[in-house]
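The values are calculated or read from the model by the stated rules, or taken from the named source; none is laboratory data. Note that this is a predicted model, so its numbers are computed, not measured. Virtual Cβ from ideal backbone geometry, glycine too; neighbours counted across all protein chains shown.
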Amino acid sequence: MKFVYVDETGDKSQSDIFVMTGLLIDAYSLRICTVTFDDMITEFLKRHPKSQTELKTKAIINGSGDWNKVDPAERKDFISKVCDVAVECTTIYAVAFSFRAFDDTAMNAGYGQPFGNSYWLGAAMFIAALVQKNMQRIKKNKGHTVFICDDNKWEMANLSEALYNADPWFDPIYLETSKKKKIARFNQIINSAFAIKSQHSSLVQVADAVSYAYRRHLELKSDNEKWPGEQQYFGSLVAKLKKEPLGRTTGELSPNFGDGRDQAAAV
């Protein structure tokens, strides 16, 4: 059995970029890696002048609030180490896109996407398709994959429904068929998603860190740096994550795919 821990970053009021990341890990490694991340995060949060219960990467990197009392080099080094361990312990799947492109294309072009105008659900199903694409290639793969998301009360029921329905709209992303093979849609993923509060899962917090690394890297393709060396720093984080494009969009859903505004990545 495998688990995918999912979190996202990006809001239309803050940025044009939305990123969602899933960290895939097998049941054998889960306990060891969870303890590793728990210990790393707990120890680092002790350095904050006030009690903190979870890792908030954006606040840490930008020195928001009392985080500005912790040395910037120390904060950056910690997030870099989190990315290192994420690569060692998990397989990383991420999808990123422009809100503007999503609104203009997915919502208005009439492609009939089953997630309607929900960018959260569309991103989650795209990650599910990428996981399916890889898992179905493993011969005699034992156990299915469980989706565990940072709690989203509005969308969790919709995600479970979408995984259960396995709409053929997603077929071009992952489905491999032949005359000898029967079509099996999303047969590697348990058709019910589960929610967890981020403060209860270090892996969800790490997914947030990876998501923010991707997001800020993409934002800096057009934004000015907030502090000297910011672009180089986030470029180095993304380099650690070893991007490898997977899948393809359906019906040219994302016209900006590959230009730094819309990408799918897996390691």
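If a residue must be in a loop (DSSP other than H, G, I, E, B), without any contact (Cβ under 8 Å) to a residue 40 or more places away in the chain and over 19 Å from Phe126 (Cβ atoms), how many such residues does segment 182-211 contain?
The number of residues fulfilling the criteria is 2.
Evaluate segment 140-156: report whether one residue or more is acidic (Asp, Glu), touching a helix residue (DSSP H, G or I) at 6+ places or on another chain (Cβ under 6 Å) and surrounded by 14 or more Cβ atoms within 10 Å (Cβ to Cβ).
Quick first cut of segment 140-156, residues acidic (Asp, Glu) only: 150-151, 155.
Adding the requirement that they be touching a helix residue (DSSP H, G or I) at 6+ places or on another chain (Cβ under 6 Å) leaves 150, 155.
With surrounded by 14 or more Cβ atoms within 10 Å (Cβ to Cβ) added as a condition, the list becomes 150, 155.
Yes, segment 140-156 has at least one match.
Please determine, by comparing only the residues of segment 7-31 that are over 23 Å from Ala193 (Cα atoms) and at pLDDT 90 or above, which one is surrounded by the most Cβ atoms within 10 Å (Cβ to Cβ). Before you say what the answer is, go through the steps one by one.
Of all residues in segment 7-31, those over 23 Å from Ala193 (Cα atoms) come to 12-17.
Then keep just the ones that are at pLDDT 90 or above; that gives 12-13, 15-17.
Working: Lys12: 11, Ser13: 4, Ser15: 17, Asp16: 17, Ile17: 25.
Among those residues, the one meeting the criterion is Ile17.
Would you pick out the residues in segment 78-134 that are closer than 24 Å to Tyr164 by Cα, in a helix (DSSP H, G or I) and more than 18 Å from the chain's Cα centre (by Cα)?
The answer is Ala106, and nothing else.
Could you look through segment 45-76, keep only residues that are among the polar types (S, T, N, Q) and touching a residue at least 60 places away in the same chain (Cβ under 8 Å), and pick out the one that is nearest to Val210 (Cα to Cα)? Full working, then the answer.
Within segment 45-76, the first condition is being among the polar types (S, T, N, Q), and the residues that meet it are 51-53, 57, 62, 64, 68.
Checking the rest, the ones that are also touching a residue at least 60 places away in the same chain (Cβ under 8 Å) come to 53, 57, 62.
Working: Thr53: 19, Thr57: 9, Asn62: 15 Å.
Ranking the candidates gives Thr57 first.
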